[in-house]
1. Per-residue accessible area for His83 at 1.4 Å probe radius, Å² rounded to 10?
2. Cross-link list Lys28/Lys58; Lys28/Lys117; Lys31/Lys110; Lys58/Lys110: which exceed 22 angstrom alpha carbon to alpha carbon?
3. Counting every Cα pair in segment 18-119, what percent are over 16 Å apart?
4. Hey, can you grab everything whose amide H is under 5 Å from the amide H of Lys71? Only 5+ residues off in sequence or another chain; H modelled, so Pro and N-termini drop out.
5. So how much slack lies between Lys63 and Asp48, counting 0.36 nm per residue of separation and subtracting their Cα-Cα distance, in nm?
6. How charged is the neighbourhood of Phe119? Take every other residue with its Cβ under 14 Å from the Cβ of Phe119, and add Lys/Arg as +1 and Asp/Glu as -1.
7. How large are Rg and Dmax for segment 70-138 when only the alpha carbon atoms are used, in Å?
8. Summarise the accessible area of segment 18-119 (1.4 Å probe, protein heavy atoms) by the percent that is carbon and sulfur.
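The values are calculated or read from the model by the stated rules, or taken from the named source; none is laboratory data. Not measured: the values here are computed from a predicted model. We place every Cβ from the backbone using ideal geometry, glycine too, and count neighbours over all the protein chains shown. For accessibility, only protein heavy atoms count, side chains too; no ligands or nucleic acids. Shrake-Rupley method; radii C 1.70, N 1.55, O 1.52, S 1.80 Å.
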Amino acid sequence: REDKGEAAARRGGRGGYRVFVGQLPYSKTKKNVESFLVNHGVVSNTSDVKVRLLTHKKTGRSKGIAFVEFKTQPQMIRALRLHHTNFSGRVINVERTVGGGGNNILRKEKLQMLREKQFSGARSLIFRILNSVLNPNPTPNPKCYPLSQP
């Protein structure tokens, strides 16, 4: 079943699968960002992604910030996994974003909710891995207590 974001993207409208990418090298272009996403398996080709690279009005130079829109949720999730990866010598930030800009309270709350959702999956995975390493024997052992999530 197609969700709202995919339906909007199919109609040519704004989909719900946008991320903010910060700390980009200033020398990089929109094409460089698209190629980076293809090379890292986020999308299969550049037509699957829309990159809006922010530039200075007077000089046209990059500000090192981009908003990237994907056609599907799995593409966006793969992009989020690139958070804190190296892009030409710079460690980039990749985070969920909501459209519209501004600093109103509702927008801040929505961003906080999206960030918590983004990192809760990673936190859960880490605890499962740690439990499997620290307690590889599934039978109860009173001397070995599994980690509990906060």
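1. Counting only protein heavy atoms, the figure is 40 Å².
2. Details: Lys28/Lys58 18 Å; Lys28/Lys117 30 Å; Lys31/Lys110 30 Å; Lys58/Lys110 33 Å.
Beyond 22 Å: Lys28/Lys117; Lys31/Lys110; Lys58/Lys110.
3. Percent of Cα pairs beyond 16 Å in segment 18-119: 57.
4. For Lys71, no residues qualify.
5. Working: separation 15, 0.36 × 15 = 5.40 nm, distance 2.35 nm.
Extra length available between Lys63 and Asp48 comes to 3.0 nm.
6. Working: positive: Arg81, Arg96, Arg115, Lys117, Arg123; negative: Glu95, Glu116.
For residues surrounding Phe119, the net value is +3.
7. 16.0, 51
8. Roughly 51 percent of what the probe reaches on segment 18-119 is carbon or sulfur.
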